[in-house]
Amino acid sequence: MSDRQRRNDVPTSNAVARGLNILAVRDADQARRYMAYKGVPQHVIARVLAEPRRCRPLTPEQFVSEAITPLHFPDAG
């Protein structure tokens, strides 16, 4: 196996992918906060934000992210 491990933790993989999407359209602070909220370990967040181009390629499903879609809030009333 190469120096990179295969990711078998799908929820973390998806959270990192969405964090990268947020980084691309917003900023590092928003990406950091999202990944932390999703439970991504701090050392992984730091590595991803420091070198996003070294991350694994996103799957086609990961390119689409609800993180960049407006939130829907229930009607107050």
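The values are calculated or read from the model by the stated rules, or taken from the named source; none is laboratory data. All values derive from a computational prediction rather than experimental measurement. We work out accessible area using only protein heavy atoms, side chains counted, and drop any ligands, DNA or RNA first. Shrake-Rupley method; radii C 1.70, N 1.55, O 1.52, S 1.80 Å.
Per atom type, the stretch 7-55 shows carbon and sulfur on 47% of its accessible surface, probed at 1.4 Å. Subtracting the Cα-Cα distance of Glu51 and Thr12 from their residue separation scaled by 0.36 nm leaves 12.3 nm.
Based on protein heavy atoms only, the stretch 7-55 ends up with 64 Å² per residue of surface accessible to a 1.4 Å probe.
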